[in-house]
Amino acid sequence: MSLLEVNGIYGGYGGADILHGVELRVEPGEIVVIIGPNGAGKSTVMKAIFGLVPVREGRILFSGEEITNLRSSIIVRRGMSYVPQEYNVFPSLTVKENLEMGAFIRTDDFSEQLAHVFEIFPPLKDKRRQAAGLLSGGERQMVAIGRALMLTPRLLMLDEPTAGLSPQVVDLIFERIRTINDLGISFLMVEQNAKRALSFAHRGYLMTMGRSRFEDTGPNLLANPDVMEMFLGG
Amino acid sequence: MIEILQVLIFGIVLGSIITLGAVGLSLLFGILRFANFAHGDMMTVGAYLALVFVAGLGWPIYAAFPMALAGGAVVAIAIDRVLYKRLRRTAPVILLISSFGVGLMLRSLVQFIWGPQSLVYEPGIQFPLEIFGLRIKPDHLVILAGVIILVILLHLFLQYTKMGKAMRAMSDNMDLAEITGIETERVIMWTWALGGALAAGAGIFLAMDTRLQPFMGWNMLLPVFAAAIMGGIGKPYGAIAGGMTVGIAEEMSTLFFSPAYKSAVAFALMVIILIVRPTGLFGGRSR
Ligand SMILES: Nc1ncnc2c1ncn2[C@@H]1O[C@H](COP(=O)(O)OP(=O)(O)OP(=O)(O)O)[C@@H](O)[C@H]1O
Ligand SMILES: [Mg+2]
């Protein structure tokens with residue numbers, strides 16, 4: 001059974017549909033990346049999966065259970081976390097408080113998980129008492145991912161986690177995503193840097209104009225001339 | 001000189017009462033994103049709730065105080081359940097007008113039950129203490145101490161409890177709070193409880209400083225708003241500075257103008273500060 005299955009969803013922000021029958025799936029343990037030109041609807045798909053954009057038609061299954069149009073507060077309890085593209089930390093809260101908020105619904109002792117997140121992202125440990133709003137872009141992204149990890153989700157959705165970061169920091173984030181993936185957590189990511197992302201992911205989708213056009217392993221997508229043309233031609 | 005210090009003391013007392021109202025107002029705004037025009041009347045309700053225990057049951061005011069705070073919290077939560085909860089996703093202006101209506105209803109209810117005349121908790125005149133030539137009423141010390149204790153308790157709550165942290169998180173970014181899994185409705189309930197309790201506290205202190213009167217809270221709405229806005233609306237900590245500034249400025253102005261202009265002074269000060277610092281004394285939210 002696929003971990004996540006998106007079957008022909010249509011939907012948008014209330015006006016005309018932005019998504020026109022998107023199909024995609026994530027298998028347990030996979031890193032799947034969505035690439036595509038600006039405005040293709042990549043962020044919108046993630047929001048639709050997470051219950052933030054209404055789905056008019058089609059179904060979304062998570063671990064075989066239907067989650068179409070469920071509230072995000074319910075989806076997060078089912079074991080999926082989502083890190084939006086922007087405004088993804090609580091700026092006035094400290095790093096540690098941000099992580100604690102990730103564990104809000106946990107009633108057990110989560111100090112182990114906290115220590116684990118600090119292990120994955122050592123810079124956060126040193127800055128745990130700093131306000132997240134004062135961190136660098138890379139550190140903020142670490143806080144956002146770390147917060148999403150506090151519930152030990154099975155699937156983590158990241159919307160452009162490396163946008164606007166310096167090359168070294170991009171490397172570091174990718175490396176950490178690999179580390180987290182090795183722990184058995186699956187990823188669905190949107191990435192602007194198609195080459196980089198496809199060589200990194202297990203599988204990828206190319207989206208244009210609200211549809212998923214191509215699906216293949218990273219190297220195959222990269223080698224496909226149509227994909228590159230569509231991506232660049234938008 | 002003595003006269004200025006004397007007025008300063010009045011200003012600090014008034015400022016601390018305004019602070020208590022403004023902190024709650026700011027907290028509510030930060031999380032619910034609307035200006036609660038019923039806040040002054042929630043103060044009034046709190047003051048009269050205390051009267052129930054003091055005059056009705058013969059309790060001393062310090063015993064009535066926590067009961068009235070709890071009562072204020074319950075009233076605030078009840079209003080939210082009945083009214084605001086249904087309007088959660090509507091435009092702020094609708095919420096604002098609704099709160100205006102709630103205020104009117106609370107005020108009328110108080111007047112209906114207790115009548116329009118002014119009342120006091122304990123009849124008789126308190127003789128002021130003479131300290132270095134300054135006249136200080138014992139009630140003033142009680143008010144100041146009470147406000148300091150409540151503000152410290154609020155601070156500890158916001159900084160160190162899970163619910164307090166979630167309140168700050170929601171005031172930072174409501175959508176992110178939702179997708180993080182924070183139980184936003186529960187946090188909103190707690191926010192109303194705190195806002196209602198703080199308003200009740202402010203109302204009781206106001207009644208101790210002056211008298212109980214159905215319009216007492218409504219008349220304080222402008223300075224309370226001025227204080228909250230000055231401190232950067234949505235920032236409870238800024239509201240403390242805003243409240244003290246407004247209170248002291250209002251009382252100090254009586255050295256130069258008729259006390260009738262007190263509110264105008266508060267308002268003028270707010271406008272000036274907003275011109276110099278558009279996001280408030282401490283740079284509140286700009287979004
Ligand atoms: N909140 C919104 N309300 C209405 N329309 C929106 C909203 N957000 C995005 N859109 C529209 O939906 C379409 C797809 O946007 P989306 O953000 O999903 O694209 P994207 O593929 O993530 O692009 P980018 O690479 O720039 O992030 C765009 O035409 C955009 O204008
Ligand atoms: Mg996007």
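The values are calculated or read from the model by the stated rules, or taken from the named source; none is laboratory data. Remember, it's a predicted structure, so these values are computed and weren't measured experimentally. Positions of Cβ are backbone-derived with ideal geometry, glycine not excepted, and every protein chain shown enters the neighbour counts. Ligands, DNA and RNA are excluded from the accessible area calculation, which covers all protein heavy atoms including side chains. Shrake-Rupley method; radii C 1.70, N 1.55, O 1.52, S 1.80 Å.
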Quiz prompt | Verdict on B:Leu14 being more than 17 Å from B:Met189 (Cα to Cα) and in contact with a Pro (Cβ under 9 Å, 6 or more places away or on another chain) | solution = yes
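The rows are residues; the columns are (1) in contact (Cβ under 8 Å) with a residue 40 or more places away in the chain; (2) open to solvent by less than 60 Å² (accessible area, probe 1.4 Å); (3) over 20 Å from B:Gly203 (Cα atoms).
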site	(1), (2), (3)
B:Met220	yes, yes, no
B:Met230	yes, yes, yes
B:Gly242	yes, yes, no
B:Gly247	yes, yes, no
B:Pro259	no, no, yes
Self-check item: In segment A:27-52, the residues that are away from ligand 2 (no atom under 15 Å from the Cβ) and more than 12 Å from the chain's Cα centre (by Cα)
Solution: A:Glu27, A:Pro28, A:Gly29, A:Glu30, A:Gly51
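Can you pull out the helices (runs of 4 or more DSSP H) entirely within segment B:158-250 that have at least 2 residues that are at pLDDT 95 or above and under 13 Å from the mean Cα position of the chain (by Cα)? Give the derivation first.
Numbers: elements: B:162-172, B:174-180, B:184-209, B:216-230.
The qualifying helices (runs of 4 or more DSSP H) are B:184-209, B:216-230.
A quick yes/no check of all residues on (1) modelled with pLDDT of 95 or more; (2) surrounded by 24 or more Cβ atoms within 10 Å (Cβ to Cβ); (3) at positive phi:
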| residue | (1), (2), (3) |
| --- | --- |
| A:Ile49 | yes, yes, no |
| A:Leu61 | yes, no, no |
| A:Gly64 | no, no, yes |
| A:Val83 | yes, yes, no |
| A:Pro91 | yes, no, no |
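Of all residues being surrounded by fewer than 22 Cβ atoms within 10 Å (Cβ to Cβ) and in contact with a Ser or Thr (Cβ under 7 Å, 6 or more places away or on another chain) in segment A:25-39, which is nearest to A:Gly58 (Cα to Cα)? Just the residue, please.
In the first step, residues of segment A:25-39 are kept if they are surrounded by fewer than 22 Cβ atoms within 10 Å (Cβ to Cβ); the result is A:25, A:27-30, A:37-39.
Still in the list and also in contact with a Ser or Thr (Cβ under 7 Å, 6 or more places away or on another chain): A:25, A:27-30, A:37.
On the way: A:Arg25: 14, A:Glu27: 19, A:Pro28: 22, A:Gly29: 25, A:Glu30: 23, A:Pro37: 23 Å.
Only one residue tops the list, namely A:Arg25.
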Self-check item: Hits in segment B:109-150 - residues which are under 30 Å from A:Phe104 (Cβ atoms) and either open to solvent by less than 30 Å² (accessible area, probe 1.4 Å) or of a type in the set (D, E, K, R) (or both)
Solution: B:Leu150
Self-check item: Neighbours by Cβ (under 7 Å, 6+ apart or cross-chain): first from segment B:195-210, open to solvent by 10 Å² or more (accessible area, probe 1.4 Å); second outside any helix (DSSP H, G or I)
Solution: B:Met208/B:Tyr121
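Quick check on segment B:123-138. Is at least one of its residues part of a helix (DSSP H, G or I), under 17 Å from B:Met42 (Cα atoms) and in contact with a Leu (Cβ under 9 Å, 6 or more places away or on another chain)?
Step one: list which residues in segment B:123-138 are part of a helix (DSSP H, G or I), which gives B:138.
Then drop every residue that is not under 17 Å from B:Met42 (Cα atoms), which leaves none.
No, that holds for no residue.
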Quiz item: If you check A:Asp182, A:Asp159, A:Asp226, A:Asp171, which single one turns out to be more than 22 Å from A:Gln85 (Cβ to Cβ) and either within 16 Å of ligand 1 (Cβ to nearest atom) or at pLDDT 90 or above (or both)?
Solution: A:Asp182
Quiz item: Does any residue of segment B:3-23 turn out to be open to solvent by 30 Å² or more (accessible area, probe 1.4 Å), assigned to a loop (DSSP other than H, G, I, E, B), out of contact with any helix residue (DSSP H, G or I) (no Cβ under 6 Å at 6 or more places or on another chain) and not hydrophobic (A, V, I, L, M, F, W, C)?
Solution: no
Self-check item: Restricting segment A:198-234 to residues that are among the polar types (S, T, N, Q) and closer than 17 Å to A:Met46 by Cα, the residue that is surrounded by the most Cβ atoms within 10 Å (Cβ to Cβ)
Solution: A:Ser212
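With touching a residue at least 12 places away in the same chain (Cβ under 8 Å), under 23 Å from A:Gly64 (Cβ atoms) and of a type outside the set (A, V, I, L, M) as the only criterion, which of A:Asn181, A:Asn193 stands out? Reasoning before the result, please.
On the way: A:Asn193 fails: under 23 Å from A:Gly64 (Cβ atoms).
One residue alone meets the criteria, A:Asn181.
May I ask you to verify whether A:Gly11 is free of Cβ contacts under 8 Å to residues at least 60 places away in the same chain, within 16 Å of ligand 2 (Cβ to nearest atom), over 21 Å from A:Pro153 (Cβ atoms) and open to solvent by less than 20 Å² (accessible area, probe 1.4 Å)? If you could, list the steps in order and put the result at the bottom.
Details: free of Cβ contacts under 8 Å to residues at least 60 places away in the same chain: yes; within 16 Å of ligand 2 (Cβ to nearest atom): yes; over 21 Å from A:Pro153 (Cβ atoms): yes; open to solvent by less than 20 Å² (accessible area, probe 1.4 Å): yes.
It is true that A:Gly11 is free of Cβ contacts under 8 Å to residues at least 60 places away in the same chain, within 16 Å of ligand 2 (Cβ to nearest atom), over 21 Å from A:Pro153 (Cβ atoms) and open to solvent by less than 20 Å² (accessible area, probe 1.4 Å).
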Quiz prompt | Search result, residues across segment B:174-184 that are facing chain A (nearest Cβ under 7 Å) and farther than 21 Å from B:Leu154 by Cα | solution = B:Leu176, B:Glu178, B:Ile179, B:Thr180, B:Gly181
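Select, from A:Gly21, A:Gly14, the only residue that is farther than 24 Å from B:Glu178 by Cα and not in a helix (DSSP H, G or I). Working first, answer last.
Working: A:Gly14 fails: farther than 24 Å from B:Glu178 by Cα.
Sole residue among the options that is farther than 24 Å from B:Glu178 by Cα and not in a helix (DSSP H, G or I): A:Gly21.
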Self-check item: helices (runs of 4 or more DSSP H) wholly inside segment A:31-129 containing at least 3 residues that are within 10 Å of chain B (Cβ to nearest Cβ)
Solution: A:72-78, A:95-102
Quiz prompt | Test set (1) away from chain B (no Cβ under 14 Å); (2) open to solvent by less than 70 Å² (accessible area, probe 1.4 Å); (3) more than 16 Å from ligand 2 (Cβ to nearest atom) - A:Pro153 fails condition number | solution = (1)
Quiz prompt | Inter-residue pairs, beta-carbon under 8 Å, first more than 18 Å from B:Asp139 (Cα to Cα) and in segment B:44-72, second open to solvent by less than 10 Å² (accessible area, probe 1.4 Å) and assigned to a loop (DSSP other than H, G, I, E, B), 6+ apart | solution = B:Thr44/B:Pro214
Quiz item: Does B:Val93 count as assigned to a helix (DSSP H, G or I), among the aliphatic types (A, V, I, L, M), at pLDDT below 95 and open to solvent by 80 Å² or more (accessible area, probe 1.4 Å)?
Solution: yes
